[in-house]
There are 2 protein chains.
Amino acid sequence: MSPPTTAGPGKIAADASSEPVAERARRPTVALQSAIEDVVLHPGTVRINVQGAFIVDDEPSTPQTEDYEHDPRDIRLPNHTAVVSHVAVDIGGSLAKLVYFSREHNATSIGGRLNFLKFETEKIDTCIDFMKNLKADYQQLNGSKPEELCVMATGGGAFKYYDRIREALGVEVIREDEMECLIIGLDFFITEIPSEVFTYSEDHPMSFVPCPQPPSSIYPYLLVNIGSGVSMIKVSGPRQYERIGGTSLGGGTLWGLLSLLTGARNFDDMLKLAEKGDNATVDLLVGDIYGTAYNKIGLKSTHIASSFGKVYKLKRAAERDAEDGCNGDYKHHSDEELVQGSSELEHQPSLFRSEDISRSLLYAVSNNIGQIAYLHAEKHNLPHIYFGGSFIGGHSQTMNTLSYAIRFWSKGTKQAYFLRHEGYLGSVGAFLKRQPRNWGRRNSFEIRERNSV
Amino acid sequence: MSPPTTAGPGKIAADASSEPVAERARRPTVALQSAIEDVVLHPGTVRINVQGAFIVDDEPSTPQTEDYEHDPRDIRLPNHTAVVSHVAVDIGGSLAKLVYFSREHNATSIGGRLNFLKFETEKIDTCIDFMKNLKADYQQLNGSKPEELCVMATGGGAFKYYDRIREALGVEVIREDEMECLIIGLDFFITEIPSEVFTYSEDHPMSFVPCPQPPSSIYPYLLVNIGSGVSMIKVSGPRQYERIGGTSLGGGTLWGLLSLLTGARNFDDMLKLAEKGDNATVDLLVGDIYGTAYNKIGLKSTHIASSFGKVYKLKRAAERDAEDGCNGDYKHHSDEELVQGSSELEHQPSLFRSEDISRSLLYAVSNNIGQIAYLHAEKHNLPHIYFGGSFIGGHSQTMNTLSYAIRFWSKGTKQAYFLRHEGYLGSVGAFLKRQPRNWGRRNSFEIRERNSV
């Protein structure tokens, strides 16, 4: 049997027309015609008016609960008035991300907003229940019949939980390809939403990219989507994409290993630990090996030569000391949470701080993703690298490490970009999938409804 | 502060002459002259006659001890008669590798052999003691004076332990650049030693590469040296090299994390655990997410989507069950060594087998190195990839994973090569560093000694 590899390359025949964007924009009647055909062919077709869309930072209107997290950065669509008869969900290995449209509670304002919610995939039933409630609300509000409603689903869970969702909700479930949804979602955020895309550095933590950008300055780009695992997708133009690589060392690896190695119960706690940690107690640095920098090849003494490279030695030394009946000269940490591992030597004092282990592993995973992303971008000559996926979670240390890795490896020639809705690319893409091509702020239009779909 | 990155690129101005090899071979008198100059300039100059060299598989003559490991694959040099007045040591982050020449104990045979020994770097004093004994033997056997002897040292420890070695032995210590030694050592093994270099596949575990190969079929190549950390070196010709990358996820990471996560006390035990493990209990596979393969991009259902991607979920579920006072429905393993992590829930039954964790991490680290190696080889257009360093340790699963990763990523266009002395590239390189250029089996020569150096 061949050993399994991590996520590999694979070519996708994207369904994009090869017609250039500028060409299409000059012929609105053709696009309109195509949009109308879309509506006829696909019951889930949505026509969202995104004119004047912006991010709101207010308290979510959904009740607080342990079952899900409502992202406080809803997107306000002040000019969308039509009924939306679908929700979209992206069900990944760890998280299910839900996007739906709701009317403003304030009756005097027109338009509405896109809501963003996260559920743990293992509690998929709470997500299904939530959608059931949305369905009931829709039916009550708009008088929609079940056959007029649908769920757009993407991610692996769209296949795994297909029957379960369809049976529970009694509506059509339309499955969409994961990669395609990711890049449709990302294109939407890049081209339509101001204050969404930003670069990160310690001096300028959130430097927003002007929006809109001309398409010529957007493509080609690399999307690095970091969830449980990591996918890397080359995007050459609107809906023109190819999965060129990936790695199995992603968020699931960090969370899995840290749940074994530290007492942390959730991702936020792990990231908090990492913020307080010092990786030099567990990582073998260039200075630890050389006693100084390795100047000949420009490696600083603080450079990580081996992640967790100090652990084996220190642990072995402690075990030998314990066998010899003495306490050794390693550091004791009496009042902090410390990690011992599962050695049989249960009475041996703890050696490593959870904080340090968390920081080391966060660095290791982020640096590694950064390096592989750089190498793929280099191979395919892609100047821009967008990082998406729930792993990032707006965490400054993660973004700083990814940004630094891209700058370091590319010697400043490539740039890392982040998004405020980084976890929702796939679900927004599924939500918008059937959207006619040249919609949007700059070419916004709305077809008068022929029915309430 | 910028976050530390893992091992980065760096250009080395190698001290190689740009003269082509074939050119030099045609002018032996010039080479001889240069060899004599080398002897005058460098007391550590060695002239090894490698004519008829071959690998012997017999019991090492050194006594068995816990302090070091004597590799059973000594290299016999049947035609070398001159006195060798130096030893060479490569001191890395985890291991110190020693190479020295000894006469045959059997008085009737001429020649002698190269011996290969490994010490743990943290027990560097046992290595120094060993060299002290060698020095005493040499002095007794050859009447050498201390000023005629020397230690060739490379690796980070050559700098860190420089004073300690010099003081303890009272001989000169000549420090050599780590990268240069690695490629000199590798070139020696590739060009001079039969049955040394091989390719690996499950059907043909050790398929030896014919030796000698013409230089035109050797260069350029990529050397991936896996110790505690990983260095990737592009080699364009004899002594023409550049460090083009690396990763901090290497042997130190595997050993460090496994020493925390399993009860294993040494590398061999960890590898034995890995052999018996099933990574599917901890890794999130494509099939776990999709319920099937992700055919559109050619990912099999057994493909690893996220290393350790199942751990967090299972652990959280177990914790919730424990909080609810029930036992849950997760698997119990009563009679095996199991890993719980350092959660506060000490009475909770163990969830993960050490075997499975070891296999998952071995796959993760090996796959990752394989992918990064492939990407660097691709970027620099290098068709051959040699894997060296102690991490590999002749372990079939590691070689299989690395080989498979290179085949998978390169779609069969690139080939992974391994060596029987994979851990000794640096120390052999240091041993041979001052070797005149056109020595060797094909152009073997030996200068008559002018003194006993």
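Bear in mind that the values in this text are calculations on the coordinates, not laboratory data. Every value quoted in this text rests on a predicted model; they were computed, and no experiment measured them. Glycine gets a Cβ as well: all are built from the backbone with ideal geometry, and neighbour counts include every protein chain shown.
Some points to look at:
- Averaged over the residues of peptide A:270-283, the number of Cβ atoms from other protein chains lying within 10 Å of each residue's Cβ is 1.
- Other copies of A:Ser207: label-to-label distances in nm, shortest first, labels 7 Å along the beta-carbon direction: 5.2
- What sits nearest the axis between copies A and B, counting only chain A Cβ atoms, is the residue and whole-Å distance A:Leu375, 2.
- Label distances, nm, B:Lys379 versus same residue in remaining copies, Cβ-directed 7 Å point: 1.1
- Modelled FRET efficiency - R0 41 Å, B:Gln415 with B:Glu147, Cβ distances, 0.05 increments: 0.30
- Net charge over other residues, Cβ less than 13 angstrom from the Cβ of A:Tyr363 (K, R count +1; D, E count -1): -4
- Sorted ascending by nearby beta carbons within 10 Å, beginning with the fewest, B:Asp268, A:Asp283 become B:Asp268, A:Asp283.
- Shown for B:Gly393: label points 7 Å from Cα along the beta-carbon vector, and their distances to the equivalent points in the other copies, 3.4 nm in ascending order.
- When the C-alpha to C-alpha distance is required to be over 22 Å, the pairs from A:Lys310/B:Lys313; A:Lys160/B:Lys276; A:Lys135/A:Lys433; A:Lys160/B:Lys313; A:Lys123/B:Lys315; A:Lys97/A:Lys276 that qualify are A:Lys310/B:Lys313; A:Lys160/B:Lys276; A:Lys97/A:Lys276.
- Whether the range B:69-175 is rounded, prolate or oblate, judged on the alpha carbon gyration tensor where a/c under 1.5 counts as rounded: oblate
- Take each residue in B:97-104, count the other chain C-beta atoms within 10 Å of its C-beta, and the mean is 0.
- Between the range A:344-408 and the range A:69-146, the alpha-carbon centres lie 32 Å apart.
- For B:Phe352, the residues 5 or more places off, or on other chains, whose built amide H falls under 5 Å of its own are B:Val339.
- Across the alpha-carbon set of the range A:125-243, the Rg to Rh ratio works out to 1.07, Rh being the Kirkwood radius.
- With a Förster radius of 51 Å applied to the C-beta separation of A:Ser396 and B:Ala168, the computed FRET efficiency comes to 0.60.
- Once both labels are positioned 7 Å from their Cα atoms along Cα-to-Cβ, the gap between B:Thr199 and B:Thr126 label points is 3.9 nm.
- Residue order, fewest to most beta carbons within 10 Å, for B:Ser306, B:Ser390, B:Ser259: B:Ser390, B:Ser259, B:Ser306
- Average beta-carbon neighbours from other chains, 10 Å sphere, peptide A:206-219: 0
- Between B:Thr62 and B:Cys211, the contour length at 0.36 nm per residue exceeds the alpha carbon distance by 50.7 nm.
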